Amino acid sequence: MIQAKKIVSMVLMIGMFSGTALSATEIHWWHAFKGRLGTLLAEQVDQFNAAQSDYKVIQNRKGNYSETLNAGIAAFRAKKHPHILMVFEVGTATMMAAKGAIKPMYEVMSEAGAKFDPDGFIGPVKGYYTTTTGEMLSMPYNSSTPVLWVNRDAFKKAGLNPDMDLSTWQKVGAALDKLKSSGNKCPLTTAWQSWVHLENLSAYHNVAFATKENGFAGMDTELVFNSPVQIKHIQAMGNWAKEGKFIYAGRRNEGGKAFRAGECALYTESSAGYAGIKKNAKFDFEIRHLPYWEGVKGAPQNTIIGGSSLWVLSGHSTKEYSGVAAFLSFLSSPVIQAAWHQNTGYLPVTLVASQKTKKSGFYDSNPGTDIAGIQMTRKTPTSVSKGLRLGSFDQIRGMIDEELESVWSGKKTAKSALNNAVKRGNVLLRRFESSNR
Amino acid sequence: MEKRVYFKGWFLPALLITPQLLITAIFFFYPAGTAIWWSLFNPDPFGLSTKFVGFANFDFLFSDPYYKESFYTTAIFSSLVTLFSMGIALYLAVLADRLIKGAGIYQTLLIWPYAVAPAIAGILWMFLFDTRTGLISWYLGLLGYDWNHLLNHNEAMGLVVAVSTWSRVSYNFLFFLAGLQAIPSTIIEAAAIDGARFWRRFWTIVFPLLSPTTFFLVVMNVVYAFFDTFGVIHTITKGGPGQSTTILVYKVYSDGFVGLDLGSSAAQSVILLIIVGFLTILQFKFVEKRVHY
């Protein structure tokens, strides 16, 4: 008997102790980052957990962007979903359409009484995740925009002045001629061809990618990226590919390997390539503005973002949502944001973080890291340059990739490839519209 | 004279086959049934609104020229993989069967690639054929040949066929070797005494006697090429360039998991289910008649 009592009281005591240890509410966050970005993300979480004891954020990587979104969706169907899900910008329309699955961020923040100012975010980033009626639905996490990376040593080797003007594609074309004729094996390569050379190209030249304000104004949007500006650009790229001046390396950012190894002279890639290039490049590199076509009215406008935002999923308790709100306000705080921007090359998504970075002298000691921010904010976004909001967009990008590959291999002209991509993509947009009506 | 063991009553036989039936029901019929059910709906990814659309998913698929193209791609791909992996395996097995010294080592070494998962095989081959850093593509470049499976359709198809074949040869080798060793040596010796040379003996005696194995392997290899090669394609071409290596099962994945179009993906799975069922019936019904057992 006595023994039994002892055991019971011990069990109770253990229960009490572990009770205090576990009293912190767990907040689960699923994300897609590994490597250096994953480490930086984990540091943010540790910092938050160390700073308070009410909540404990637990982060988990679920694969790449597409896989993370899938994991979140599958978990939601099984009612085992996390509180916070990282979704890449391409999945934004999918998340916005899933009204019962998400808890809009403005709602999470106001219910928890957390400090939150949507106007603190820079315009183009805020616009991407905000409804037409001005409600911010998700929290911008990492946002970047494409820039032109230059291998200055390769330019010198080809007898070119590395300080030459590369602001327009006409001038880049001339540089490519010279690089090629001097024996360079990879004058130009790219990452994310659809994002850089169609989506951003369209916004940058102020031409529509899709009707209805690129999908912002309604799900009955149709693709229109087969206008003369886009055809001209893709045809020029196709010709460069045929002449061995543009080297196609793959659908994602495979080109980065060749650029970091010093093989390629020019590389169009996200500003977030900074961490990797700075770490690995054993040559003199420089960041330039993305080139535009001289003679197109309104160009250069502004480029648009890529990256991800954090979505809060529905079906959790009020207490847990308070924790989510606390964590999200922590993430959007100036110190965290400024550090994130400086470490990764992602944009400073809040105005304060941007000013803080400028004041600290970071841009002076790391020239070119402010290019992406300037490129996005120097003009007020127009109805066709604020971003894209298209359903099934990951799959549409796949179709665009396929059609672009047929241009690079010389099988199709830019015109027929883009016409075909538009036709194929529109079928998916109609299907998305009908399944979300 | 046929010997048959049979049970009296129904309880014991029912009990004995229950586990098998349960496993089949839970792991085969239930998922397949779910796929058939879903193929009639157009659900949103989160399962919030599910709308009955009848056969609209199938209509949508068959009006899609890229889906038809995928059939053609799958046919070419699986024929090539089956032909090469079985041809090479048979050749190696015949050689291994004649070995006297070191047969064990030779056979063991040949089985190794089977232990490599398809996705890993894909990555291993990328060390050789990556367009920029691959060893073989580098040497081809020195010879003046520009290897680029990212843009060249035939090279892409050739590469995925080669990798899939490579990782399948061991499996076929094992079965062929066992088949060869099961052929009574007396028959072959009798033929040799009659003056038949090696290749004549092979084509008139060994190959026909091997046909049960060959037939079994054809079925297994077609099924392998249809489904298990996903890892190879995912790591090497991702279905590209264009859709030149998008076989049916890869399209199920890309529509369902990348495109989040579960209705279409389910409809495609149902079509795959029908194709595989049909292939198996066809082979058992018609090919079996010409097979010596």
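At-a-glance table
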read-out: For the stretch B:29-131: span of alpha carbons on each principal axis (Å, largest first); value: 67, 34, 29
read-out: Farthest toward positive dipole pole in the stretch B:146-201 [+1 Lys/Arg, -1 Asp/Glu at C-beta], among B:Trp166, B:His149, B:Ala196; value: B:Ala196
read-out: Per principal axis, descending, Cα span of the stretch A:144-218 in whole Å; value: 51, 21, 20
read-out: Size-normalised alpha-carbon gyration radius of the stretch A:357-400, reference 2.2 N^0.38 Å; value: 1.75
read-out: Debye intensity ratio in log₁₀ form over the Cα atoms of chain A, taken at each q of 0.06, 0.08, 0.11 Å⁻¹; value: -0.28, -0.48, -0.86
read-out: Helix runs (DSSP H) in chain B reaching 27 Å along axis by Cα, Kyte-Doolittle at least -1.0; value: B:65-98, B:153-182, B:262-282
read-out: Of A:Asp401, A:Asp370, A:Asp220, the one that fluctuates the most in a GNM where chain A has Cα springs shorter than 10 Å; value: A:Asp220
read-out: D_trans [Stokes-Einstein, Kirkwood Rh over alpha-carbon pairs] for the stretch A:182-228, 20 °C, 1.002 mPa s, µm² s⁻¹; value: 174 µm²/s
read-out: Global geometry of the stretch A:234-371, whether rounded, prolate or oblate, following the gyration tensor of its Cα atoms and the 1.5 cut on a/c; value: prolate
read-out: Residue order, fewest to most beta carbons within 10 Å, for B:Leu177, A:Leu160, A:Leu85; value: A:Leu160, B:Leu177, A:Leu85
read-out: Acute angle (nearest 10 degrees) that the helix A:35-51 long axis makes with the longest principal axis of chain A, alpha-carbon atoms; value: 30 degrees
read-out: Rg/Rh (Cα only; Kirkwood hydrodynamic radius) as it applies to the stretch A:218-288; value: 1.08
read-out: DSSP-defined beta bridges in chain A - what % are antiparallel, rounded to 5; value: 60 percent
read-out: Between the stretch A:386-437 and the stretch B:173-189, the alpha-carbon center distance in angstrom; value: 55 Å
read-out: Cα centroid of the stretch A:75-100 to Cα centroid of the stretch A:318-344, whole Å; value: 19 Å
read-out: Per-pair calculated FRET efficiency, R0 = 35 Å: A:Ser314 and A:Lys379 via Cβ, rounded to 0.05; value: 0.40
read-out: Given A:Lys34/A:Lys356; A:Lys126/A:Lys180; A:Lys232/A:Lys282; A:Lys157/A:Lys257; A:Lys62/A:Lys171; A:Lys423/B:Lys285, the pairs whose alpha carbons are separated by over 32 Å; value: A:Lys126/A:Lys180; A:Lys232/A:Lys282; A:Lys62/A:Lys171; A:Lys423/B:Lys285
read-out: Sites B:Phe27 and A:Asn426, calculated FRET efficiency, Cβ-Cβ separation with R0 56 Å, nearest 0.05; value: 0.90
read-out: Kirkwood estimate for the stretch B:127-280, i.e. one over the average of 1/r between Cα atoms, Å; value: 18.8 Å
read-out: For chain B, built as a Gaussian network whose Cα springs stay under 10 Å, the top-fluctuating residue of B:Trp125, B:Trp112, B:Trp147; value: B:Trp112
read-out: Radius of gyration, Dmax [the stretch A:337-421; alpha carbons; angstrom]; value: 18.6, 52
read-out: Part-to-part distance (alpha-carbon centres) for the stretch A:169-189 and the stretch B:240-277, which is given in Å; value: 40 Å
read-out: The protein assembly as shown - Kirkwood radius from inverse mean 1/r over Cα pairs (Å); value: 29.2 Å
read-out: Compactness of chain B, expressed as Rg and Dmax over alpha-carbon positions, Å; value: 23.5, 76
read-out: Shielding by partners, peptide A:428-437 (average Cβ within 10 angstrom, other chains); value: 4
read-out: Residue among A:Arg36, A:Arg397, A:Arg288 with the largest mean-square fluctuation in a Gaussian network model of chain A, springs linking Cα atoms under 10 Å; value: A:Arg36
read-out: Between helix A:169-181 and chain A: long-axis angle, C-alpha atoms, 0 to 90°, nearest 10; value: 70 degrees
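Read the figures in this text as sums done on the coordinates, not as results from a lab. Note that the structure is predicted; figures quoted are calculated from it, not measured. As a convention, Cβ positions derive from the backbone with ideal geometry for all residues, glycine included, and neighbour counts pool all protein chains shown.
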